[in-house]
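The values are calculated or read from the model by the stated rules, or taken from the named source; none is laboratory data. If you're wondering where the values come from, they're calculated on a predicted model, not measured in any experiment. Methodologically, a virtual Cβ is constructed for each residue, glycine included, from the backbone with ideal geometry; neighbour enumeration extends over all protein chains shown. Calculation scope for accessible area: heavy atoms of the full protein, side chains included, ligands and nucleic acids excluded. Shrake-Rupley method; radii C 1.70, N 1.55, O 1.52, S 1.80 Å.
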Amino acid sequence: MKFAQEFRKALQREAFPRRWVDCAIPYGQLKKCLKKVTKELEEIGLDKETLTRLAVHQQQPSSGDSNAPVDPGFKYQLAIDGRDDECGSGGESVHFRPKLTVFVKVEDGIAVDATLSPSTREFLQKLALSSTALTTDALPLADTSSVASTAPPSLTASSATDIRQVEVPLVFDAEFFGILQTDVSNIRTLEEEEQTKLEGQIVALGEELGHAVEPSRGRRARGDLEVWRQIFELYLDACIFFSSRESDHGARTSTQAVEQLHWFQDQVVQRKLVQRLRLDTSHNAFNNFVSINTALLSILKFQEINRLAVTKILKKFDKRTSLGVSNNFLFVARSDRSLANSVAQDVCARMSTELMSVVPQLDDYLCPICFAIAYWPVRLHCQHVFCSRCLVKMSRKGERHCPLCRADTIMLAGLENFDADRAAFLRKYFPKEVKEKVRANERERNQEIFGPSYRTVHCCMM
Ligand SMILES: [Zn+2]
Ligand SMILES: [Zn+2]
């Protein structure tokens, strides 16, 4: 199937909102315009073959050393007009203009390059003779190193040979990139709008959920909090939109994301997690959570298909013209960034701050030494938190340095390092784990007093 058709079908199949479809890369229109570009180049004798021949010379850059003889060749670039700063946060108005300059040898007013066909030579000669006016007028932001009508001294001295840099006017080429650029920036705007919308939904959901499962609201809230913790644990394991694991680090394609989202939903069903939610608010929140993820997936698919369209049309452009523009465009338009997965990444980050934070995960509150919940929590002067048991043992062994940052803080710890707020928080959100840890601490202390057989003795007595 031809890509134009495939693209149209994909846009229909995914049932994207009408507005998105209107914003999609106008692949067909670009293809038509590309035909005009090719024709335009052919009309001035710069057909594909000629440009390919010239491109060979372009391989040996001659701009570095102005005394070296300049080979005929061409330089094709997307010159940037307008303001463009380094912050690149999107939304900046950059207009770029394709600029084709050809180096042509002129001897006694006649273009002599053998690589060019007579008609091309004639055309370039005409341009070359009026090149001063042409190049300087047409180049508001021309790089200052390439001066129009460059004549290496050695050549001008010996003969009337002159190497001129000629800018070839390209009407349809400019139109082509105008369309492409407008569209890429429209898609970027659309993405930003959708992202803002999703982030708003996430914040609202976080507030709703945080309120519903606040432990002081009663047993049902505490029960739901426990279930939500499992839901989010599964969600994090699924790494739906990008993976932070070492084995498959990076952004997911939409196909992978679909798979991972299914896995997550299956697991939730298998463990009957939704049934175990007892509050209506929780059920509502879960539905919202799923639809946020589905919406994000939609954005990802839309980005992907459009990025593919841009790549395809640029490849076609290069194939038809030999101008080698693909990488150049993506770089200049920064569409590599805008059409990439930054939205997914930002939205996921938002989810973890707004949603996961109202359902604290045990992993974030473990003691880095014993890997049990850090209770009683002691915050050293270096701000690292450990359970009091582990610190007691460390200081008995004469260890002075924090195992995380090596600061000399252990011996300085006193009663004032006990983190009462953290302790209250842990009792509230992890009552079960706190109880277990308190029991384990007691057992350990008793073993220290009564000897290692304490536990057995204790059991026998029962
Ligand atoms: Zn510990
Ligand atoms: Zn430390």
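Worth pointing out:
- The one condition in (1) within 12 Å of ligand 2 (Cβ to nearest atom); (2) within 30 Å of L234 (Cβ to Cβ) that A407 fails to fulfil: (2)
Residue-by-condition table, conditions (1) more than 16 Å from ligand 2 (Cβ to nearest atom); (2) at pLDDT below 90; (3) in the same structural domain as A424 (by TED's automatic domain parsing):
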residue	(1), (2), (3)
T353	yes, yes, no
I373	yes, no, yes
V385	no, no, yes
L391	no, no, yes
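- Of the residues R276, R307, R271, R252, the single one that is among the charged types (D, E, K, R), more than 27 Å from G210 (Cβ to Cβ) and assigned by TED's automatic domain parsing to the domain that holds V213 is R252.
- Test: F232 is in contact (Cβ under 8 Å) with a residue 24 or more places away in the chain, under 22 Å from E354 (Cα atoms) and open to solvent by less than 20 Å² (accessible area, probe 1.4 Å): yes
- Check on I202, closer than 20 Å to V274 by Cα, within 29 Å of the chain's Cα centre (by Cα) and outside the structural domain of E40 (by TED's automatic domain parsing): yes
- Segment 244-302 - residue that is of a type in the set (D, E, K, R), closer than 16 Å to V227 by Cβ and part of a helix (DSSP H, G or I) and, of those, least open to solvent (accessible area, probe 1.4 Å): R276
- Subset tally (residues that are among the β-branched types (V, I, T) and within 21 Å of V358 (Cα to Cα)) for segment 372-431: 2
- All conditions but one from (1) open to solvent by 70 Å² or more (accessible area, probe 1.4 Å); (2) small (G, A, S); (3) modelled with pLDDT under 75 apply to A55; the one that does not is (1).
- Any pair with Cβ under 6 angstrom, 6 or more apart, that starts in segment 302-324 at a residue that is closer than 19 Å to R53 by Cα and of a type in the set (S, T, Y) and ends at one that is open to solvent by 50 Å² or more (accessible area, probe 1.4 Å) and modelled with pLDDT under 90: S322/K48; S322/T52
- Scan of segment 21-35 for residues that are open to solvent by 40 Å² or more (accessible area, probe 1.4 Å) and either touching a Gly at 6+ places or on another chain (Cβ under 6 Å) or part of a loop (DSSP other than H, G, I, E, B) (or both), ordered by number: none
- Any hit, segment 192-209, residues being at positive phi and either open to solvent by less than 60 Å² (accessible area, probe 1.4 Å) or at pLDDT 95 or above (or both): no
- For first residues located in segment 393-413 and in the same structural domain as R445 (by TED's automatic domain parsing) and farther than 22 Å from E444 by Cα, partners that are more than 13 Å from ligand 1 (Cβ to nearest atom) and among the hydroxyl-bearing types (S, T, Y) and lie 6+ apart or on another chain with Cβ distances below 6 Å form the pairs C402/T409.
- Residue within segment 366-379 that is open to solvent by 70 Å² or more (accessible area, probe 1.4 Å) and more than 14 Å from ligand 1 (Cβ to nearest atom) present: no
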